[in-house]
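Take a look at the structure below.
No lab work stands behind these numbers, since they all come straight from the coordinates. From a predicted model like this one, the values you see are computed outputs, not experimental measurements. Cβ atoms come from the backbone with ideal geometry, glycine included; neighbour counts cover every protein chain shown.
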């Protein structure tokens, strides 16, 4: 009789742990794509969500002052924004390298 109670408690505990782990893994995943185009000026950066991270679909997540916007990477405007951000980052990188290089002959 005791072994049945222990078995039931163990199964319940394992089930609860699995459910909690599944929730913890997927809580950062986008639940769905947004349906409207956001202005480029609102974007502060981006990150990438992939199905390999146990998320249901790939997404580009734009970070704005208001929060995160999950977008479909198959849309042209989404990838255009990503390229524009990369170009802006490259310019910042080049400028900072120029400013931090030691001057020769001093």
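Where does segment 30-100 land on Rg(C-alpha)/(2.2 N^0.38 Å)?
With N residues counted in segment 30-100, Rg over 2.2 N^0.38 Å equals 1.24.
Kindly list the residues of segment 41-58 that lie in the label zone of residue 84, defined by a backbone N under 16 Å from the point 7 Å along the Cα-to-C-beta vector.
Output list for this probe position: 41-47.
Need one number: nm distance between label points at residue 64 and residue 44, each 7 Å from Cα along Cα→Cβ, rounded to one decimal.
Distance between label points: 1.3 nm.
With a 10 Å radius around each residue's Cβ, average the other Cβ atoms per peptide and rank 74-81, 37-44, 90-97, 55-62, highest first.
Result, highest mean first: 55-62, 74-81, 37-44, 90-97.
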